[in-house]
Amino acid sequence: MVYYSKKDAWLIALLIGTLALSLLVGLYFIFVSGNNAAGYRWLLACSVAGFLVLLFTYPLHYTIGDTELLIRSGITLRRIPLDTIEEVSPVRDFSSSPAWSIDRLSILYMKKGRPVYIYISPAQKLEFQQELERKAPHLQRSGERLVRTPSSGGPCFASV
């Protein structure tokens, strides 16, 4: 199943407001101050920034396959093998991540023998965790978290 990112209205408004303000500054330079060169530079910068935001954030969704978690964020696709996931826990975090909300899930997984965190924000967090628990039997519910069971083998970072 595909899980789309939860979207915080204030975060979307902040992004749109920043781009709109840049656009207005460019238009001011062109039509009010008469400084066309500066205005066109502002408009170009605004266009490039908007394009880059879309390029790296749309579409934004998470898919739990039979063997891996796929995280699609624009042109990037991250594949996390389910058997490398150590813990999934709710967090509120402002770190850069493939998420349009600060109401997130922290996923701790192993990559090349080292622990790695990624934050995602599925709109249906509970359903996401339930499906992950079904597809990754080494994960067991512990309160609001999913943690690797000690008997499943492999590293166990439940206390990290």
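In segment 65-75, of all residues being open to solvent by 60 Å² or more (accessible area, probe 1.4 Å) and among the β-branched types (Val, Ile, Thr), the one that is nearest to VAL2 (Cα to Cα) corresponds to THR67. In summary, TYR28 fulfils each of the numbered conditions (1) over 23 Å from SER101 (Cα atoms); (2) touching a Leu at 6+ places or on another chain (Cβ under 7 Å); (3) aromatic (Phe, Trp, Tyr) with the single exception of condition (2).
If you check GLU87 against the conditions, is it of a type in the set (Asp, Glu) and in a strand (DSSP E or B)?
Numbers: of a type in the set (Asp, Glu): yes; in a strand (DSSP E or B): yes.
Criteria met by GLU87.
Of everything in segment 96-131 that is open to solvent by 50 Å² or more (accessible area, probe 1.4 Å), in a loop (DSSP other than H, G, I, E, B) and free of Cβ contacts under 8 Å to residues at least 60 places away in the same chain, the residue that is nearest to TYR3 (Cα to Cα) is SER96. Residues in segment 118-132 that are over 14 Å from the mean Cα position of the chain (by Cα) and within 10 Å of VAL88 (Cα to Cα): 2 in all. Scan segment 35-55 and tell me whether some residue there is closer than 30 Å to ARG141 by Cβ and modelled with pLDDT of 90 or more. For segment 35-55, residues closer than 30 Å to ARG141 by Cβ and modelled with pLDDT of 90 or more: absent.
The values are calculated or read from the model by the stated rules, or taken from the named source; none is laboratory data. Quantities reported herein were computed from a predicted structural model and do not represent experimental measurements. Positions of Cβ are backbone-derived with ideal geometry, glycine not excepted, and every protein chain shown enters the neighbour counts. All accessible areas refer to the heavy atoms of the entire protein, side chains included, with ligands and DNA or RNA removed. Shrake-Rupley method; radii C 1.70, N 1.55, O 1.52, S 1.80 Å.
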